[in-house]
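Written below as structure tokens is the structure these notes are about.
The values are calculated or read from the model by the stated rules, or taken from the named source; none is laboratory data. Only a predicted model underlies this, so the values are computations on that prediction, with no experimental measurement involved. No Cβ is skipped: glycine too gets one built from the backbone with ideal geometry, and neighbour counts run over all protein chains shown. Side chains included, ligands, DNA and RNA excluded: accessible areas come from the protein's heavy atoms. Shrake-Rupley method; radii C 1.70, N 1.55, O 1.52, S 1.80 Å.
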Amino acid sequence: MTRLPTSVPGLDEILHGGLFEGGVYIFEGPPGAGKTTLANQIAYAAHARAGKKTLYMTMLAESHSRMVQHMSGQTFFDPNAVNASVIYISGYREMEEQGLKAVVDLMRSELSRHRAELFVVDGLVVENLASRPEESIRQFVHGLQSLASAMGCTGLLLTSGNGRSLNAEQTMVDGIFAFEDYIYQWRAERRIQVRKFRGSAVERGKHTFCITKHGLRFFPRLEGLPVEDPPEARAHSAAVPSGVPALDAALETGGLTPGSSTLVVGDSGAGKTLLALAFAAQATSADPGLLFACSENAGELCRLGQAFQLPVGALLDSGALQIHGAGQEDEGMDEMGHRLLRLAHELGAGRLVVDGLAGFADTVAFPERGYRFIGRLVRELKQRGITSLFTMDPTALSVAAGAPLAEGLLGWFDNVIDLSRPADGGNSARSLGLRKLRGTRAQVGRIELTLGGPELPASGNS
């Protein structure tokens, strides 16, 4: 069977290639979930740009000009394609006066006239169909399937009903996409689940998505993606400098193992961000670095680097280091994970910092999936040959996640370092406890250092 790519970021990945030509698919979910935007996005981005036509039938009394006005703010929208490549018609009067069969007859006539390869039926409200015999609904869906098969086109049927489904056609259509606007306390997350898909395996479970000026963008569950052969690993020296000379000197290899993952654990104010910044400041143009900041912004990190003579500003100016914020507004866990991997790929990063795992924990899905998600994220970084350093405040993470998950996460990391203030130390005194090491051994189990002193000096590559 021939695939029909949707050209919607992330969706074809969930579907393992896109829809199938000749199939009829239901998009069901509450109003405002993004169904209409997605259908128009497929019509314009995938079909109109490829020189193909879409017949878009609305079943509501709303005028087409109003819909076009709403779509005009999207970057995928092309005003020249309106009623040329994307033809809007109304089936509202036929349904009200003659019933669903008249809607199918109208669709058949218009498909033949315009030779469209995709059709959309938008606005079948379940409550409005409650008085219609179930058999008429089944015949309606069967009629759409017959049209799709006979004319070699693909159909999208958009329905809403506040959680109620069109039960009559559940076993008849080729696919069912359930949209959900999930609210948890003060946070919100848009989700989609492919409940049925004939002809191919899909990524199962619920996946998050967002609606932007570019249309919908989907983020497949990171830990659910198939494990692929790793890309060609980056070339590294025997060891990766940590930015803390005292730590490098204590390790047999003289630094961190290339491609390894390190977790720095400490309470608020222990100096985790400074240690992470020292690691990021070892970036060079040949070995760029990416810093994913979950609390401080780039300006604050530049000022911190300047205070400790770390060349953060110069590295940003040269492009050897990039700083991006995480956890913006209602950004979901998978959205952050996919963005991090995309940025690392685009930069060609050899080292990466995630300063504050609590930024991932302060999401809707983390209490249920955080353990597996972090494990898969670390694995993806390792496969790409990226040496990573994460920081974690156990208290902040537990508060954000609503559960004490910190201990369960430690097993995913190659190295675990405790950073703390000695009981009898001064304001700048810190203690590094080498709690776990993989791929190397340490000559000592604990390192005493002074922030800004020779153990964590003004080091880095200008």
Calculate how steeply helix 366-383 sits against the longest principal axis of the alpha-carbon atoms of the chain, using the helix alpha-carbon long axis, and give the answer as 0 to 90 degrees to the nearest 10. 70 degrees
Anchor residue 436: lysines whose Cα lies under 25 Å away (excluding residues fewer than 8 positions away in-chain): 272, 382
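More than 41 angstrom separation, counting every C-alpha pair in the chain; what % is that?
33 percent
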Take every DSSP beta bridge whose two residues both sit in the chain, then give the antiparallel share in percent to the nearest 5. 40 percent
Cα-only Rg/Rh for the stretch 342-424 with Kirkwood Rh rounds to 0.99
Quick one: putting +1 on the C-beta of Lys and Arg, -1 on the C-beta of Asp and Glu, what dipole do you get for the stretch 240-376 around its Cα centre, in Debye to the nearest 20? 280 debye
Rounded to whole Å, give me the distance from the Cα center of the stretch 291-317 to that of the stretch 42-76. 45 Å
Among 397, 149, 290 the positive-end extreme of the charge dipole of the chain (Cβ point charges): 149
Going toward the positive end of the dipole of the chain, with +1 on Lys and Arg Cβ and -1 on Asp and Glu Cβ, which of 24, 69, 90 do you reach last? 24
With at most 13 other Cβ atoms within 10 Å, longest stretch of the chain clear of loop GluC sites (Glu not before Pro) (DSSP): 1-227
How far is helix 134-151 tilted off the main Cα axis of the chain, in degrees rounded to 10, range 0 to 90? 80 degrees
Mind checking the dipole of the chain: about its Cα centre, +1 per Lys or Arg Cβ, -1 per Asp or Glu Cβ, Debye to the nearest 20? 640 debye
Using a Förster distance of 60 Å, the FRET efficiency for residue 314-residue 98 (Cβ separation, nearest 0.05): 0.25
For the chain, find the longest principal axis of its Cα atoms and tell me its angle to the long axis of helix 100-114, 0 to 90°, nearest 10. 80 degrees
Would you work out which of 250, 266, 313 lies farthest towards the positive end of the dipole of the stretch 238-331, given +1 charges on the beta-carbon of Lys and Arg and -1 on that of Asp and Glu, about the Cα centre? 250
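Over all pairs of distinct alpha carbons, what does the Kirkwood formula give as the hydrodynamic radius of the stretch 1-151, in Å?
16.1 Å
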Give the accessible area for residue 273 in Å² (nearest 10); use a 1.4 Å probe, count only protein heavy atoms, and leave out ligands, DNA and RNA. 30 Å²
In sequence order, calculated HN-Hα J values of the stretch 87-99 (Karplus, 6.51, -1.76, 1.60; Hz; x Gly/Pro): 9, 9, 9, 10, x, 5, 5, 4, 5, 5, 8, 10, x
